Each structure stands twice: as C-alpha cells, then as structure tokens.
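Novice: Below are the structure tokens for one structure; questions will follow.
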Amino acid sequence: MEETKESVSFKGVAERLTIGITRILENMPGVVDVRFVEREPAEKRSLLSWEQKNTCILPEDLRDFYLTTDGFTLTWGVKLDNECVSLGCMMINSVARLCPLLQPVSLFSLPNAPSLADLDWEENSTESGKRHASAAPHFDSRCRIFELDSCGGNGKVCLVYKNCTSGVVAQQSEIWFLDRSLCWHFLTATFTSYYRLMITHLGLPEWQYAFTPYGPSPQAKQWASLYQPLIFSSELSLADPAGDSYLNKLDPTKGFKGKTKVPVPKKKQTAQCSLGSTGKSQGSTGRHIGVKR
C-alpha cells in the first residue's frame, strides 16, 4: 500500500512538473513515444558543494527545482512512413552536469592557443567605432557561465552570472542562449520564465532561435507551424510589428504602372451626331403626323 501511495504521489509531482504537457502531446495527431525521465530530488549537500566550488549562489527557483527533481528530460517523436522519428526534447541538466562553459586551461595546451575569451576583442578595440552590447555576456573572467541545455548541438542555453569579481560570490543570474555562431541572445531573467518557455514551445527543434534576429531554419518553422501554430504565428508578428514581412505582396497599381490604358475622352462629334439623329427623328415624326392628318 505504501508503494502505491508513493507512486501516486510521484505521478502527481511529475504531472505538476510537466504542467500536463505529456497528456497534450499524446493527444496530438502523429505524436508517439512520449517519454518523461523520472529522477530523484537532488541532495542539499550537492547544491552547497556546487555553490562553493563555482563561487555562485543558485537562484531560488532553480534551487527549488533541483530539490524536486535532479534535472528534467522529456522527449517525444512523430510517426513518418511507419517509423518513429525523434522530434521534441526538453532538458535541464542535473546538478552534476551543470558545468562551466569555459573550462580551465589545460597544462598541455599551447601558450598562444586561441580561446573563447578572444571573441571579446571588439569591445576593447577603438577602431571598430561601435561598442559591443554591454548587456551581452563575456567569455572572460567577467562572467561565470554554466550550461543548462546543449540543445541537441544547435546551441547552448546557459545560466549566466555577469559582472563577476574574482573571489566574490556571484548572486544575480540570467538565462541566455548561445547560438552556433557564438553570439549571445537574451531569453529570460529567471529560471521559472525559461522553464515555462521550454514547456510552451514543446521542446521543438531550434525553438530558441525564435529569440534571435534570423529565427529558426525553414524545416524547424514547418514543424512549429504544424504542432505549434498559435505561438508560431504570434512569434512572426512579434518579429515584425506589421506582421507581413514574410508575405510577398503585389500592388497592381505599382507593378503595372506603365501598362495601364488611359481612357480616351469622348469626341464632340458624338454629341453632334446625337443632335442630328434627334432632328431626323423629329422630322420623321412630323411626316408621320402629317400622313395621319
């Protein structure tokens, strides 16, 4: 009886964690193999150990999340030609896999070997003329960056602590997306907001690129329009206030401006002819009356 109670209670926790998205996915046409990986809560000592090791304080909402489940994984696929193809993936790394994005330099590396910190040269350069966005994270010691999700190789969602000082515990964090071109894009200020975004986008491929200026690939847009039409259309309207930048419109008045026929004005002869015809009709009428007399 106790085991059944524990299983029922865990199912309730899992239902609250997924916000009922598993049932929604199972009822979608063509969706198969919806899997939610059940994990035990993380221990408090592992969280304290992570904070001491990385000199950072975990956000309160992320700490509560790890005390509920040590990470999150939910995958689903679609059936194409009688084969199951993996499509959606929602993932939050466990505490043990919440590793720094910038690994310490190895003793066996070359002294002049390039690193990610070299990408911040544009800000210090006076020749560029344009200063790099101050809100964007840096790859050097000014920021402490930890990977939350590898995004299937399409980029990385990171927990970022900015304006860090050596030996000082960092407390304020944000959620940023690092694309494959190593450019930063802001997602949310809190982990809770990011978690809701991830659930809302169903873990579709490249959904993080909706927050970039160039957006996801055409294939990813097709999947989004199929399984997420409402959010997909709203994201297009947010990308362009007019909401019609993705439509090719043709204005006939401009496209065929030189080919439109100008209406020819009626000549005065028509009026004279009409007067002549009326005179003739009157004469004929008169003769006809005369005959009657």
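The values are calculated or read from the model by the stated rules, or taken from the named source; none is laboratory data. Please read these numbers as outputs of a predicted model, since none were measured by experiment. Every residue, glycine as well, gets a Cβ built from its backbone with ideal geometry; the counts of neighbours run over all protein chains shown. Ligands, DNA and RNA are stripped out before the accessible areas are found, and what is left, the full protein with its side chains, is counted by its heavy atoms. Shrake-Rupley method; radii C 1.70, N 1.55, O 1.52, S 1.80 Å.
Novice: Suppose R0 equals 22 Å. What FRET efficiency, 1/(1 + (r/R0)^6) with r the Cβ-Cβ distance, do T165 and E51 give to the nearest 0.05?
Specialist: Approximately 0.85, to the nearest 0.05.
Novice: Counting only the heavy atoms of the protein chains, how much of R39 is accessible to a 1.4 Å probe, in Å² to the nearest 10?
Specialist: Ignoring ligands and nucleic acids, R39 comes out at about 70 Å².
Novice: With each label point set 7 Å from Cα along the Cα-Cβ vector, what nm distance links Q172 and E60?
Specialist: Reported label-point gap for Q172 and E60 is 1.7 nm.
Novice: Just the accessible area for F186, please: 1.4 Å probe, Å², rounded to the nearest 10?
Specialist: Rounded to the nearest 10, the figure is 90 Å².
Novice: D179: net charge of surrounding residues, Cβ under 15 Å, Lys/Arg +1, Asp/Glu -1, itself excluded?
Specialist: Here the count lands on -1.
Novice: Another question about this same structure. What FRET efficiency do you get for S225 and R23 if R0 is 22 Å and r is their Cβ-Cβ distance, rounded to the nearest 0.05?
Specialist: Using R0 = 22 Å, I get an efficiency of 0.45.
Novice: Points 7 angstrom from Cα along the Cβ direction at C183 and T200: gap in nanometres?
Specialist: My value for the distance between the label points is 2.3 nm.
Novice: Turning to a different aspect of this structure: Output ³J(HN,Hα) for the stretch 206-217: one whole-Hz value per residue in order, computed from phi by the Karplus curve 6.51 cos²θ - 1.76 cosθ + 1.60 with θ = phi - 60°, and x for Gly and Pro.
Specialist: Each residue's phi maps through the Karplus curve to give 6, 5, 5, 6, 5, 9, 10, x, 9, x, x, 6 Hz.
Novice: Let me ask you something else. Given R₀ = 30 Å, what would the calculated FRET efficiency be for V32 paired with S193, taking r from the Cβ atoms and rounding to 0.05?
Specialist: Once rounded, the FRET efficiency stands at 0.50.
Novice: Something else about it: Order D149, D140, most accessible first, counting only protein heavy atoms with a 1.4 angstrom probe.
Specialist: D140, D149
Novice: Let me ask something else about it. Using a probe of 1.4 angstrom, how much of the accessible area of the stretch 16-74 is carbon and sulfur, in percent?
Specialist: About 49 percent, which is the carbon plus sulfur part of the accessible surface.
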